[in-house]
Amino acid sequence: MQTLSTDVLVIGGGATGTGCALDLAMRGIRCILVEKGDLTHGTTGRYHGLLHSGGRYVTKDPQSATECAHENAILRRIMPHCIEQTSGFFVITPWDDESYGDVFVANCHRTGVPVQEISVAEMLRREPALNPRISRVFEVHDGSADSFLATHSVALAAREYGAEIRTYHNVVDLVRVGDRVVGAIVEDLRSGERIRIDCTYVLNAAGAWAGKIAALAGVTVTVVPGKGTMVAMNHRMVNTVVNRCKLPSDGDIIVPIHTVAVIGTTDVHVPDPDVFGIEPEEIQFMLDEGEKLIPGFRQYRALRAWAGVRPLYKDKDVASDRDIPRTFKLLDHEERDGVSGILSIVGGKWTTYRLMAEQTVNELARRLGNTQPCRTASEVLPVPRFEHRAHAMVTVSTDPAAQTPHYWLGKPLALVESEHAAGDLICECELVTRDRIVAAIDAGAHNLDDIRRDVRMGMGPCQGGWCIYRTANLLYERRCADGLSHTHANEAILHFLQERWKGLTPVLWGDQLRQARLDELIYAGVLGIHRLRALAEPGGGLVTQHPAIATEYVQA
Amino acid sequence: MYDTIVIGAGLSGMLAAIGRAERGEKVLVLAKGHGATHWSTGCIDLLADVDDPLAGIAQLAIQHPHHPYALAGPAMIEQGIARVRAIGEAAGYPFAGSFNRNLLLPTALGALRPTAFAPATMIAGDARQLRDGRPTLIAGFAELRDFFPPLIAANLRAQGIAAEAAQLTLPPTQRQHDFSPVTLARLCEQPAFRANLGEQLAAYVRKGGYARIGLPAILGLKHATEVVRDLQNRAGALIFEIPTLPVSVAGMRLYQILEDELLRLGGRIQLGGFVQRAERISDTLVAVFSEAAAREQRHTARRWVLATGGILGGGVRATPDGHLHETALDLPLQTPDGRAGWFAPRFLNAHGHPVFQTGVRVDQRLRPLDAAGQLVYENVQIVGGALAGYDPIREGNLEGAAIATGWAAGQA
Amino acid sequence: MDHIELSLTQSLDHCIKCNICTSACPVAAVTDVFPGPKYVGPQAQRFRHAAQPVPDASVDYCSGCRVCNQVCPTGVRIAELNARARAQIVAERGMPLRNRIIARSGLVGRLSSGPHAPLVNFTLNFAPARWIIERVMGIHRHAPLPKASTYTFRRWFKRRKPATNGRRPQVVYFHGCSTNYYEPHVGKAAIAVLEHLGFEVIVPPQRCCGLPLLSNGDFPAAQSHHEYNVAQLLPYARAGIPIVGTSTSCTLTLKEEAPELLGLHGDDIRAVAAGTYDIFEFLRDLHQQGRLRTDFRPIERELPYHPPCQLRAHRIGRPVLDVLGLIPGLRLRESRAECCGIAGTYGLKREKYQIAMDVGKPLFDFVRASGQDLALCDSETCRWQISGATGVATRHPIEILAEAYGLSV
């Protein structure tokens, strides 16, 4: 067995783990990060994309609110290419308690969350689709964030600082010598090979899976996997984040992100972060709630539904999962459980990932005798190559605002226009060109789902109708010299179609049902992919169906 | 006042309209837009996964007496297809194949797809010929994002066909970008473009001794047969087209020859006319109203053919709360019980998804019935994908069932 | 933006990306500067944000012919989405002088028609003048410009002696700019036919319908024209008096284009829209009610007829074929060409002239191949384009109808 050695082994390639890896590497601490799937495979890749202003927590979780407000300003600075400055509204609808408005404002002031009341007329001028019966509107600094891209940027920076990041590496065991954890055995899911990684500290940043990792060290960490279901709508009926002004509950937020508007979320305790379903009632409930914010909401086209599991840490008895604080906690297992060499970072949310990493690495650095200060709040993150062109400066106007390198919705369109690349779009819905797909493949994407997360391929209205076929072919042509065979390419298509289907079925009606039928015509009718099932098998680094990374949706 | 108004311009609607127009009737085809023909392969699928389609259909009709094939009957299947073939022949776009033995034609992924009749431009791709041991070249253009020779060739090789892949160099053209199948089809009708293509193919044949060359189905819109003949002469090998993703050039050709035929027979086609409600007197459909600028347009006819398709064609639509409705005349539908029964857990499940068998239940003369089995309209016939109880995509009878029922409505 | 207007944007949700529109688009067929209706329409729309810079300009190459709307199997209002997107470009980047001028057909017509028209026409026929106009203004030197009339239709109408014999049902005639300034004979034929059928024809004050402004993206000016026209026409619409027009584009604008694109959905706007008819649509209705006189003289001819895009956008079928089909001996051969290319003012523009000529080629071939010296078309700009490209004379079908009734115009 190959043995590697490092100072800190980070487990988990979500926002927190990757953030920790960067912070460690920036301070000169050697680290290896292992992730059983692709980066953002877990909760980071399955959330609604809200960059919190803090407004949602001002009443029930003031510490989180303050942390969010603080981190919000930092993230806008260090990852401008990942964040859209949409602004956010908290609105009081006829279904909400009028009196909460004043409480909300007072609590915003108390927690340092910037807030300003605007008139309903102003709200309607800016967002004409919103319910005109809304009575009060408070504007906050909400935004939307591309958590895939952000995590890739953080990982890129971490690698530049010397961190080693290994995706599709599953931790199968932790090595314990007496009461000390000294390393881990990990399996490379692509080759099946096992590797031993010796380390001074293991950092458990596995989010909703943190309890499973802790158990390998013989300690108990209770993480309540709180399932949140979301629905992406086909286009942005609002360009501002819209929250109901009330205590957080189900279906009370709409986040415009990239080309879609996401309505979320539910909060359902599930026993296992890998096994959960999307219930039809959850979808219907969210459509009903959406109707309160945007009249006619049901008539808009829903693209797909998905669920993520919140990594809520439960350290005392709390009534409902929504009452668990959204703040994070660093667990020192030596002090807590008498097992040294391992720390767990649990709880928290995407917006505060950097702060979580900072405090975690402060502690690790202290123990390792490293005195370097944290610099993650000031260093601007690099842009991954597959994204670089999409975020290149595109001059479309004499307006200086258009010269910004920051994210704006029209940028991919402006880029395709300037390059006359309309005929070279592989994913037509999300305007992903052949060059960007190839760059993602060359940057190491292992399967179609990795490419999807990297460049949004297959995430638009047709949900892969045309681009799955095209992308699988590009993957094959690019990788066949490295041993990727036709059987792997066939498998990639079959698997990805099935993955899309899981998220589609809960929202199939109207145009999306028609689209699904057209996709069936394409794949079963025109291409006859099902006739190639005997010529399909995983391999060639595809790792699409390994039990360690499969999420089973339970049929409702 | 028309004798017959056909609602829907897909294959079934066009066949019904041609049949009525041939009898000297005044016929209008009223359609929201272009139909599913544009999305299909341009072949005529009768029944997949059987050796003998006609025998398979007879079997199917016994097992499922309400299947569209059972209702149309074998005579209508054979006559309808004969009529389409005659139209193709007259238009210089002949179809070849057989009722008793499926062809197996390569798809744009290299799968082998059963179909009964295919345009002459595709016929040399039949797997039985390809397996003769002589080398086949699969060639495309890097600029075309809907056709990738390497994977097609690799999959064909895995099925015992000596296939190799090549990317051709796009012949010089005034166009700089955006080489969609339709654009390339237009370019192939330019002699200089085609000559260049032919030279490249000839060079490959000289080098690799290919007996057959598979190209994407882009070989001309109006004169495909001539384009293929010309390229075969230039290349010195047999050429066959492989259908591409929608919009399919071969599907467009099929639609075009049917439209030409209907207009030649004096029929009318009105596109952009979305039928949204009906006017009845007892069990007679008197008029329909189509959406138009500022107000609806009222259309009257003695008899009607509903050919709006199923969920894909737009004849059936589902609401978010799980109801399915027929969009033009609000006819009763035969649907699965409850939304929970709509889908199978696996997308490519062998039997498809029950929701896609939603449609209108009909009597032996294809007239609509309600849930109690009572006739809804005595002067309306339902054809093609709007019919209940079959899944044309998964059964592999998309064109066959449409032609058979359409032709039956055109004759009755 | 009110809620109905939102529904136009919402129509992009119907797009299933099938590209049927792109395969039918006559502009995308002849040029690659236009990436096609699906691309610039429902696809690009998901990337447009009212408060952010306009990311794309290629939508300006959409001619607005609406073939895409017609073939779309799912009901996306592609052409309207494109018109909106163009208006956003104009609002952000301003409008070139050339477009300002050609979009004001009323003003241009008023300045060029009248006793001085021969001089204007001479100048516009004079190659060096056209060369200068192309260089300075960007109007292509070969683009078909109409000949100004020496008198206006309104002036003729005001001076004539109306036929009055007892109480007759009334009808309002919307003549539009072209009839008023360039082709008063079309209006005269319409008046003759309507009076022959027993109507009293009213011609209220009217301005340009605003379509050239809409298609060039000047929405504020179009709105002021539309509101003026609605105010003039409303009393008649409310009284149930039909408003008929010989220009298919003017009637389409009153019915649908202006209300939809400008987001005007008040009761008055709706009432005028619902009371407006293309003249052949009106005549076909009369025939269905048994009120159309059929005392036609036979016309033994076979003539090519092009149903213009603007008529097809009414979504009312082919009323000209239905009505002229009643004339004994007359056989119309319908063109199946998608578009003549001119699309109002599109084909006048220097950078789009060749595209327009290429788009129109199948139609020009059809007209030439007919061997006839006359072609029919309901839309004025299409007639000028067809005649300009083929040298074949063109007439409005109402003129043939007047002839069949034996009316001297």
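Bear in mind that the values in this text are calculations on the coordinates, not laboratory data. These numbers come from a predicted model, not from an experiment. In this analysis, Cβ positions are derived from the backbone assuming ideal geometry, glycine residues included, and neighbour counts consider all displayed protein chains.
Which whole number gives the average count of other chain Cβ atoms within 10 Å of the Cβ atoms across peptide B:317-326?
Values: counts 5, 7, 4, 14, 5, 3, 1, 2, 0, 0.
Across the residues of B:317-326, the mean count of other-chain Cβ atoms within 10 Å is 4.
Using R0 = 45 Å, the C-beta based FRET efficiency linking A:H109 and A:D482 works out to 0.20.
So how far, in whole Å, is the C-alpha centre of the stretch C:343-395 from the one of the stretch A:411-427? Taking the Cα centre of each part, the stretch C:343-395 and the stretch A:411-427 sit 33 Å apart. A crude spin-label estimate for the pair C:A393 and C:D285, with each label 7 Å from Cα along the Cβ direction, gives 3.3 nm.
Of all DSSP beta bridges confined to the stretch B:104-245, the antiparallel ones make up roughly 20%.
Antiparallel as a % of all DSSP beta bridges within the stretch B:230-321, to the nearest 5? Percentage antiparallel, nearest 5: 100.
Computed from Cα atoms alone, the Kirkwood hydrodynamic radius reported for the stretch C:117-230 is 16.5 Å. Note on the stretch A:392-553: semi-axes of the ellipsoid equivalent to its C-alpha gyration tensor, largest first and rounded to whole Å, are 30, 20, 15.
Each helix, a run of at least 4 DSSP H residues, gives -39500 (n - 2.57); summed and divided by the residues of the protein assembly as shown, these come to -11000 deg cm²/dmol at 222 nm.
Note on A:Q116 and A:T3: with the Förster distance fixed at 51 Å, the Cβ-Cβ geometry gives a FRET efficiency of about 0.35. At an R0 of 25 angstrom, the distance between the Cβ atoms of B:A202 and B:R134 translates into a FRET efficiency of 0.90.
Where in chain A is the longest stretch that carries no GluC sites (Glu not before Pro) classed as loop by DSSP and with at most 12 other Cβ atoms within 10 Å?
On the way: sites that count: A:E98, A:E193.
Formally, the longest exposed-site-free interval is A:194-556.
Compared with the dominant Cα axis of chain C, that is its longest principal axis, helix C:380-390 is turned about 80°.
In chain C, the longest principal axis of the Cα atoms and the axis of helix C:279-288 are about 60 degrees apart.
Scaled to the compact-protein estimate 2.2 N^0.38 Å, what is the alpha-carbon radius of gyration of the protein assembly as shown, rounded to two decimal places? Working shown, then result.
On the way: Rg = 33.4 Å, N = 1377, 2.2 N^0.38 = 34.3 Å.
Taking N as the residue count of the protein assembly as shown, the ratio is 0.97.
Rounded, prolate or oblate: pick one for the stretch B:226-346, where a ≥ b ≥ c are the square roots of the eigenvalues of its C-alpha gyration tensor, a/c under 1.5 means rounded, and failing that, prolate if a/b is larger than b/c, else oblate. Judged from the Cα gyration tensor, the stretch B:226-346 comes out oblate (a/c at least 1.5, b/c at or above a/b). Determine the shape class of the stretch B:306-412: with a ≥ b ≥ c the square roots of the Cα gyration tensor eigenvalues, call it rounded for a/c under 1.5, and otherwise prolate if a/b is greater than b/c, oblate otherwise. Taking the square roots of the gyration eigenvalues as a ≥ b ≥ c, the stretch B:306-412 is oblate.
Per residue of peptide A:410-422, the mean number of Cβ atoms on other chains within 10 Å of the residue Cβ is 6. Out of every Cα-Cα pair that chain A contains, those further apart than 33 angstrom amount to 41 percent. Computed over chain C with a Gaussian network model linking Cα atoms closer than 10 Å, the most mobile of C:R77, C:R155, C:R331 is C:R155.
For the set A:K36/A:K292; A:K36/A:K349; B:K32/B:K222; A:K36/A:K502, the pairs lying more than 31 angstrom apart at their alpha carbons are A:K36/A:K292. In chain B, the longest principal axis of the Cα atoms and the axis of helix B:191-208 are about 60 degrees apart. Dividing the C-alpha radius of gyration of the stretch C:153-288 by 2.2 N^0.38 Å, with N its residue count, gives 1.02. For C:A50, neighbours were defined as the other residues whose beta-carbon sits under 11 Å from its Cβ, and their charges (Lys and Arg +1, Asp and Glu -1) total +3. Our analysis of the stretch B:1-41 gives Rg over Rh at 1.02, with the two radii drawn from alpha carbon positions and Rh computed by the Kirkwood formula.
Dipole of the protein assembly as shown computed with +1 at Lys/Arg Cβ and -1 at Asp/Glu Cβ about the Cα centre; of C:P205, A:T376, A:V172, farthest Cα towards the positive end is C:P205.
The distance separating the Cα centre of the stretch C:83-122 from that of the stretch A:247-310 comes to 50 Å. Using a ≥ b ≥ c from the Cα gyration tensor of the stretch C:301-404 (square roots of the eigenvalues), is it rounded, prolate or oblate, where a/c under 1.5 gives rounded and otherwise the larger of a/b and b/c decides, a/b for prolate? Here the stretch C:301-404 falls in the prolate category.
Calculated on C-alpha atoms, the gyration radius of the stretch C:3-93 divided by its Kirkwood radius gives an Rg/Rh of 0.94. Using Cα-only point scatterers and the Debye equation, what is log10 of I(q)/I(0) for the stretch C:97-137 at each q in 0.21, 0.28, 0.30 Å⁻¹, rounded to two decimals? Once normalised to I(0) and log-transformed, intensities are -0.76, -1.04, -1.05.
Label separation (C:E302 vs A:Q372): 8.8 nm, computed from points 7 Å beyond Cα along the C-beta direction. At q = 0.08, 0.13 Å⁻¹, work out log10 I(q)/I(0) for chain C with the Debye formula, treating every Cα as an identical point scatterer and leaving solvent out; two decimals please. The computed values of log10 I(q)/I(0) come out as -0.41, -1.16. Taking only the C-alpha atoms of chain B, Rg followed by Dmax gives 22.1, 73 Å. Report the residue, chosen from C:A87, C:A127, C:A337, that carries the largest GNM mean-square fluctuation when chain C is represented by alpha-carbon nodes joined by springs under 10 Å. Of C:A87, C:A127, C:A337, the most mobile in the Gaussian network model is C:A127.
With a cut-off of 11 Å on the backbone N, the residues of the stretch B:302-320 near the modelled label site 7 Å out from A:E291 along Cα-Cβ are B:320. Database note for chain A: Cys without another Cys beta carbon under 4.7 angstrom, A:C20, A:C31, A:C68, A:C82, A:C108, A:C199, A:C245, A:C374, A:C429, A:C462, A:C480. Out of C:R98, C:R84, C:R135, any idea which swings most in a Gaussian network model of chain C, alpha carbons joined below 10 Å? Maximum among the listed residues: C:R135.
Could you put C:K147, A:K227 in order, starting from the residue whose Cβ has the fewest other Cβ atoms within 10 Å? Don't skip to the answer; put the middle values down first.
Working: C:K147 17, A:K227 23.
Ascending Cβ contact count within 10 Å gives the list C:K147, A:K227.
Please check chain C for the longest run free of chymotrypsin sites (Phe, Trp or Tyr not before Pro) that are loop-located per DSSP (anything but H, G, I, E, B) and have at most 15 other Cβ atoms within 10 Å. Please list the in-between numbers first.
Numbers: sites that count: C:F126, C:Y151.
That gives C:152-409 as the longest site-free run.
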